[in-house]
Structure formats: structure tokens, C-alpha cells
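Worksheet: one structure, shown below.
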Amino acid sequence: MSTPPAPTGLDDEVLASEAWFRAQLRTLVELPSVSPGATQDRDIRASAIAARELLSSMGAQAELVETRGTPTVIGRLRHPNARARVIVYNHLDVQPADAAVWQQSNPFHFEVEDHPKRQFLYRGRGATDDKGPALCALRGAKIAIDHGAPIDVTFVWETEEEIGSPHFGEVLAARREELSAAEAVIVSDTIWPTDQQPAVSTGLRGSLHANLRLRTAGKEVHSGLAGGVARNPVRELCALATAIDSAGFWHAGVTAPSEDEIAGFLASGFDPEYFLHAHDLHHVTTQVPLEMMLRIWTRPTFEVHGLAGGYTGRGTKTIVPEAAELKVSFRLVPDQDPMLIGQALIEFVRAVNPDVVVELGGWLAPYRADQGGKVHRAIVEALHATTGRCPVTVREGGSIGAVPMIARELGRPVHFLPLSLPDHGYHAPNEFFDWRQARVGIGAFARAFTAIAATP
């Protein structure tokens, strides 16, 4: 693998960036930009304004692009004689955080902890998802351009990613002419398979959400008076969930991974013990490494997220509930169509239990990334040069709604430069990022931007 060009003194500049990185991450983390609808959206707007000021302080032309929801921040770092143009997408919004299950008394209080291997751990909601990686891309671009790399980098920082990007299409429509001038988009919102093995993501799963509701009576009744005659909606929805789990309709359209993909998975160093520890899983469906990877990255899943109905207080109340609701979702893989799966779900439920009302919720399309071209090569070579290890190609089990939207609306390939780790706690309590990964990110982005600009 060739070594991409690097700015002179890059490693020293990266090491000297820690104080800047820490200060900027503190500012962003301590603005509680929980996704719209969960808290006051003024907190998201404050975060967007702070992000615009941060981009401006780095020499970017920065603005807020308003939508019917919350705004997106766009910043442009320009070279006067640019020969290449790329977009980097990240998001500023974060998942809610319940202080009762965090080690920190306030998940939005930024804390720094020394670490023997990773040097510093930066704790707080949003540190790894996705504010830390966003700052790595910004610092890397600044270093590359300041050292003469003839490239324009446009930063697109969304504020509704965690709820499926419902208004992001408005941003793409409003800035389509400008954004489509870029030759590619780079996303840094994905994960290495282990804490030692760099990776380049090549696919995202999509998703489809649904609520299944069943009402069988006007009120709850005593099980001793009507049990055996009264229908029990909780029990029926449990049976329906089991039937869906065994059904074949949500596997329609699945394409098996290629031999090359599987070879990449096997080379990833995926460690079941590390995976279980990172996610605090006590019991799993399999501990065979390849089978675990295939289930997470290449196969659809059906999950039950919650069952509401009946008595859930202390002790027992012997009633038959009058109604119940089942909250479910599917994770779907590339080549599957969420809308077709949704229609198949409606038809399946109608056949099994026609009294159940199916309400389809949000959906996100799956995405298969381009594994060719100079941008992909630049990312792979930059990660190799920065870490000393050749990155493997893997897929992602999660979804990023903006990615297929960007590819479709702008007609540009989307590539991935992952920096987060499984134990960083995406969507989980005690989220953190670390300086070792930030150092890798800044260096890799600087090298990648320099290589993209140098390649015809």
C-alpha cells in the first residue's frame, strides 16, 4: 500500500492540537443538544450557533441553514487554487441521557480522565457520537490547507440525525448547486470493530419502525370473572411478535456478502469477548465470531423495543387488560426496500391477527458504499499511514438516514472514515471519546485531504 503525502511536521502539529481539541469538545459537549422533540430545541440552536462560531474561528465561511425543524451548520474551508472539493458530514444532535444510570452526575458536564493507553478519556454525552469525530475532521482539514493542500472542504453538521434527518432534505435542496460541486462526501460517524484495528465501513443497515396496537375490550376485567373468555391483548401481541420473528417476509431482498467481504470480516480481529464487554452483554444468541459479524453487519433483524399494556406496578393485579401496544423495528440491509417490508408487515399481521392495527413509523434506507476511486483509496492509505495497520473493510449494523439521502440528492459517492470504538458507548450511558482516537483522526484526515488534492 502506498504512503500518501503528509504535511510537513504533521505529527508534531497533531500532538500540539490536544489543548484545542479538549477546549472545543468541552464547549460542544456542555451544550445539551438532545435531538429535537426530547427537550427544548433552543439548546440545539445554541449548539448550532456555537458550532458556526467555531468554524468561523478556524477561517471557514460559516452559516446556519434553516429548515422547518432545527438548522444545519455549513462551513467552508477554501484554498485559493483548489483542485479538489469534498464534503464532510457529521451531526451535532445527541441521544437523551439519564443521569441516574451514568457515573457522571451530569452527562453534559465534560470530564477528562487520564488513561495509560489512550492518554486522555473525554467523557460526556456526544463526545464520540458525533462531536469528537467532527472536530477531528475540522482540525485535519485546517492543517492540510494551511500546509498548501489545494482542496476545498465543506463541513455539513446536521442537528436532526438521531431522529432520522426529517428535514435534512430541505438543506440539500437549498444548497444543492453548491454541494453537488464536491466530488465526494466523507462521513465520520461509524465504528472500528476493535480498539486496535482500523476499519473502513462499506455499508449501513436501514431501518423501519412500527407500532402494533390491539384493543379487545372497553375496560380491564377481573381474570377470575372473565378469564378464558376475554381476549388478552398482551398475550396476543406476544404471540404475534413470535410469529413475525419466525416469518420470512422481512428477509426479502437480502444479498449474501461476497467472499471478499467475508475475508475482510475475518481479518478485522473481531473479538467476541471485547464486544460483549463493550456493550455489557451477559447472554447472546451466538459467540461464534464470524456468525456474530454476519448477524450484525449483513442480515436484517426484527426487534421488540417495548410492550405496553396491563398492570406493571408492584405485586400482582389479576386483570385481563383491555388494550396493548407493541413497539418494534426492523434493521434492513442493502438491497432491501423499507417500504416493501412495511407493506409485507401489514399483510402478515392482517393474516395472523386482523384486529391488530399496524402503524408504520419512520424508516431509513440502507446504503452500500463505493469501494473505488481516489477518495476511498486516500482514506485507506491515510488510516494505514497514521496507525501503522492496514484498515479492514466492514459493514455497519446501524443506520444514518442522511447518507442515502446525500447520495441520492447530490449524486455523489459517500465514503466513511470511522474513528469511534465499541466501548465509547454510542447511545449508551458513560459515553466518551479518547485522545488516541482523536490523534488518529486528525492525522488521517490531514493525510486524506492532502492525498485527494494531489491525485488527478
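Consider the stretch 229-239 and keep the residues that are of a type in the set (D, E, K, R) and in a helix (DSSP H, G or I). The one that is surrounded by the fewest Cβ atoms within 10 Å (Cβ to Cβ) is Arg235. Would you check if there is a residue in the stretch 259-272 being within 22 Å of Pro404 (Cα to Cα), part of a helix (DSSP H, G or I) and of a type in the set (Val, Ile, Thr)? Scanning the stretch 259-272, I find no residue that is within 22 Å of Pro404 (Cα to Cα), part of a helix (DSSP H, G or I) and of a type in the set (Val, Ile, Thr), so the answer is no.
Looking at Ala173, is it surrounded by fewer than 17 Cβ atoms within 10 Å (Cβ to Cβ) and aliphatic (A, V, I, L, M)? It is true that Ala173 is surrounded by fewer than 17 Cβ atoms within 10 Å (Cβ to Cβ) and aliphatic (A, V, I, L, M). Put simply, of Ala210, Ala217, Ala149 the only residue that is modelled with pLDDT of 95 or more, small (Gly, Ala, Ser) and under 20 Å from Ile452 (Cβ atoms) is Ala149. Of the listed requirements (1) free of Cβ contacts under 8 Å to residues at least 40 places away in the same chain; (2) touching a Leu at 6+ places or on another chain (Cβ under 6 Å); (3) closer than 24 Å to Ser420 by Cβ, Ala46 misses just one: (3).
Can you find, within the stretch 350-366, the residue that is nearest to Glu236 (Cα to Cα) among those that are under 23 Å from the mean Cα position of the chain (by Cα) and either at pLDDT below 95 or in a loop (DSSP other than H, G, I, E, B) (or both)? Selected residue: Gly361. Note on the stretch 376-391: among residues that are in contact with a helix residue (DSSP H, G or I) (Cβ under 8 Å, 6 or more places away or on another chain) and among the hydrophobic types (A, V, I, L, M, F, W, C), the one that is farthest from Gly140 (Cα to Cα) is Cys390.
Beta carbons closer than 9 Å, at least 6 apart along the sequence or on distinct chains, pair a first residue in the stretch 341-360 that is in contact (Cβ under 8 Å) with a residue 24 or more places away in the chain with a second that is of a type in the set (Asp, Glu) for Asn353/Glu236; Asp355/Glu236; Val356/Glu236. Residues of the stretch 6-34 that are surrounded by fewer than 18 Cβ atoms within 10 Å (Cβ to Cβ), out of contact with any strand residue (DSSP E or B) (no Cβ under 9 Å at 6 or more places or on another chain), in contact (Cβ under 8 Å) with a residue 12 or more places away in the chain and not hydrophobic (A, V, I, L, M, F, W, C): Thr8, Asp11, Thr27, Glu30. In the stretch 388-403, the residues that are more than 19 Å from Asp271 (Cα to Cα) reach residues that are assigned to a helix (DSSP H, G or I) and of a type outside the set (Asp, Glu) with C-beta atoms within less than 6 angstrom, at least six apart or across chains, in these pairs: Ala402/Phe168. The lone criterion from (1) among the hydrophobic types (A, V, I, L, M, F, W, C); (2) surrounded by fewer than 21 Cβ atoms within 10 Å (Cβ to Cβ); (3) touching a strand residue (DSSP E or B) at 6+ places or on another chain (Cβ under 8 Å) left unmet by Val328 is number (2).
Scan the stretch 376-387 and tell me whether some residue there is touching a strand residue (DSSP E or B) at 6+ places or on another chain (Cβ under 6 Å), of a type outside the set (D, E, K, R), part of a loop (DSSP other than H, G, I, E, B) and more than 20 Å from Arg125 (Cβ to Cβ). Scanning the stretch 376-387, I find no residue that is touching a strand residue (DSSP E or B) at 6+ places or on another chain (Cβ under 6 Å), of a type outside the set (D, E, K, R), part of a loop (DSSP other than H, G, I, E, B) and more than 20 Å from Arg125 (Cβ to Cβ), so the answer is no. Looking across the stretch 414-424, the residues that are buried (at least 22 other Cβ atoms within 10 Å of the Cβ), not aromatic (Phe, Trp, Tyr) and not in a loop (DSSP other than H, G, I, E, B) come down to Val414, His415, Ser420, His424. Set side by side, the residues Val86, Val94, Val112 differ, and just one is among the hydrophobic types (A, V, I, L, M, F, W, C), surrounded by fewer than 22 Cβ atoms within 10 Å (Cβ to Cβ), assigned by TED's automatic domain parsing to the domain that holds Ala184 and in contact (Cβ under 8 Å) with a residue 40 or more places away in the chain, which is Val112.
None of Gly411, Gly401, Gly309 is crowded, with 19+ Cβ neighbours inside 10 Å and at positive phi except Gly309.
Of all residues in the stretch 240-262, those that are surrounded by 13 or more Cβ atoms within 10 Å (Cβ to Cβ) and without any contact (Cβ under 8 Å) to a residue 12 or more places away in the chain total 0. Counting the residues of the stretch 338-352 that are surrounded by fewer than 17 Cβ atoms within 10 Å (Cβ to Cβ) and either within 21 Å of Glu409 (Cα to Cα) or of a type outside the set (Asp, Glu) (or both) gives 8.
Condition check ((1) under 23 Å from the mean Cα position of the chain (by Cα); (2) under 13 Å from Trp157 (Cβ atoms); (3) in a helix (DSSP H, G or I)) across all residues:
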{"site": "Ala48", "(1), (2), (3)": "yes, yes, yes"}
{"site": "Arg52", "(1), (2), (3)": "yes, yes, yes"}
{"site": "Leu55", "(1), (2), (3)": "yes, yes, yes"}
{"site": "Ala62", "(1), (2), (3)": "no, yes, no"}
{"site": "Thr70", "(1), (2), (3)": "yes, yes, no"}
{"site": "His79", "(1), (2), (3)": "no, no, no"}
{"site": "Arg85", "(1), (2), (3)": "no, no, no"}
{"site": "Asn90", "(1), (2), (3)": "yes, yes, no"}
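Among residues of the stretch 327-349 being among the acidic types (Asp, Glu) and out of contact with any Phe, Trp or Tyr (no Cβ under 9 Å at 6 or more places or on another chain), the one that is farthest from Ala241 (Cα to Cα) is Asp335.
The values are calculated or read from the model by the stated rules, or taken from the named source; none is laboratory data. All figures in this text were calculated on a predicted structure; none of them were measured in a lab. Using ideal geometry, Cβ is built from the backbone for each residue, glycine included, and neighbour counts are taken over all protein chains shown.
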